[in-house]
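Engineer: This structure is in structure tokens; I'll ask about it shortly.
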Amino acid sequence: MSGIMAAALVSVGVLLPFPFYYCLWNFPQKWVDLCGKGVDPCHRMAQISHAIKAVQFVSLLSVARFSWPPWYSFLLFSVGQYLNFKVYQLLGKPGTYYGVRFGKNVPWVTEFPFGYIKDPQYVGSVMSLLAVLCWVPFQYVLLWVLGYIFMIWVESKEDPATRAKFLT
């Protein structure tokens, strides 16, 4: 396989989840309908997101060159994963996986990191990605970070009229 083809495949793997997230954010009722009765759209989104995340990780691993990381990589990765863990702990599956878009009642959270860090899950993810720059070529980390920046922008333009009519 040529270098250009390999780079293109890795880039597609890294960017794979963002069209999925975009469609779910903007067309939540279609997702609820596609999931069908008796299927929690948040749970199904989480399942697919985990599979796509595995493709992203394999894509990065395919271009990684491992060496002993600098000390700050441990710090960035640890803080980033802590923020991701806290977001999931506080919001649960419905809050993390677009429950509000699927018509679920997701309580507003102000506990740390919310109210202190804007978009803490994305910030944590970006910190974790910056931590692996010592192993992964810059262009792939940049693509992934740009995907998160795009989703921050998409989610900042929330339109309540595009929420699903489905209520749980």
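Engineer: Using 7 Å Cα-to-Cβ label points, what is the residue 93/residue 105 separation (nm, one decimal)?
Structural biologist: 2.0
Engineer: Follow-up. Sorting 162, 110 on the 10 Å Cβ count, fewest up front, what's the list?
Structural biologist: Exposure proxy ranking, most exposed first: 110, 162.
Engineer: Here's a follow-up. Straight distance only, please: which lysines reach the Cα of residue 157 with their own Cα at less than 23 Å, same-chain residues fewer than 8 apart left out?
Structural biologist: 30, 93, 104, 118, 165
Engineer: Cβ under 15 Å from residue 27's Cβ, residue 27 left aside: what net charge do those residues give with Lys, Arg +1 and Asp, Glu -1?
Structural biologist: +2
Engineer: At 0.36 nm per residue, and after removing the present C-alpha to C-alpha distance, how many nm does the segment from residue 63 to residue 29 gain when stretched out fully?
Structural biologist: In short, 8.5 nm is gained.
Engineer: Toward the positive end of the charge dipole of the stretch 1-144, about the Cα centre and with charges on Cβ (Lys, Arg +1; Asp, Glu -1), which of 113, 63, 102 goes farthest?
Structural biologist: It is 102.
Engineer: Once Lys and Arg get +1 and Asp and Glu get -1 on their Cβ, which of 92, 31, 7 lies farthest toward the positive end of the dipole of the chain?
Structural biologist: It is 31, whose Cα lies furthest towards the positive end.
Engineer: Follow-up question, since we're still on this one. Excluding residue 103 itself, what net charge comes from residues whose Cβ is under 10 Å from its Cβ, given Lys and Arg +1 and Asp and Glu -1?
Structural biologist: +4
Engineer: Report the full-extension gain for the segment residue 153 to residue 4: residue separation times 0.36 nm, less the Cα-Cα distance, to one decimal in nm.
Structural biologist: 50.7 nm
Engineer: If you don't mind, another one. Given just the C-alpha atoms of the stretch 114-168, how large is their convex hull per residue in cubic angstrom?
Structural biologist: So the per-residue Cα hull volume is 120 Å³.
Engineer: May I ask you to list the aspartates and glutamates whose Cα is less than 13 Å away from that of residue 86, ignoring any residue fewer than eight positions away on the same chain?
Structural biologist: The reachable aspartates and glutamates, counting only those whose Cα sits under 13 Å from residue 86, are 111, 119.
Engineer: Continuing with this model, one more query. Go through (1) 16.4; (2) 19.7; (3) 17.1 and flag the label whose value is the computed Kirkwood radius over Cα pairs in Å for this structure.
Structural biologist: (3)
Engineer: I would also like to ask the following. Cut-off is 10 Å between beta-carbons; in what order do 59, 49 appear when sorted fewest neighbours first?
Structural biologist: Ascending number of Cβ neighbours within 10 Å: 49, 59.
Engineer: Given only helices, namely DSSP H runs of n ≥ 4 each adding -39500 (n - 2.57), what is the per-residue ellipticity at 222 nm of the chain, to the nearest 500 deg cm²/dmol?
Structural biologist: Theoretical 222 nm ellipticity from helices: -21500 deg cm²/dmol.
Engineer: Ok, one more. Note down the magnitude of the dipole of the stretch 3-162 about its Cα centre, charges +1 on Lys and Arg C-beta and -1 on Asp and Glu C-beta and zero elsewhere, to the nearest 20 debye.
Structural biologist: Rounded to the nearest 20 debye, it is 220 debye.
Engineer: Let me ask something else about it. If one puts a single equal scatterer on every Cα of the stretch 69-162 and applies the Debye formula without solvent, what log₁₀ I(q)/I(0) results at q = 0.23, 0.24 Å⁻¹?
Structural biologist: Here the Debye-derived log intensity ratios amount to -1.22, -1.27.
Engineer: With Cβ to Cβ distances under 13 Å as the rule, what net charge do the other residues near residue 156 carry (K, R +1; D, E -1)?
Structural biologist: Taking every other residue near residue 156 into account, the sum is -2.
Each reported figure results from applying straightforward, stated rules to the coordinates on display, with no laboratory input. All of these numbers come straight from a predicted model, not from anything done at the bench. Backbone-built Cβ (ideal geometry, glycine too); neighbour counts: all protein chains shown.
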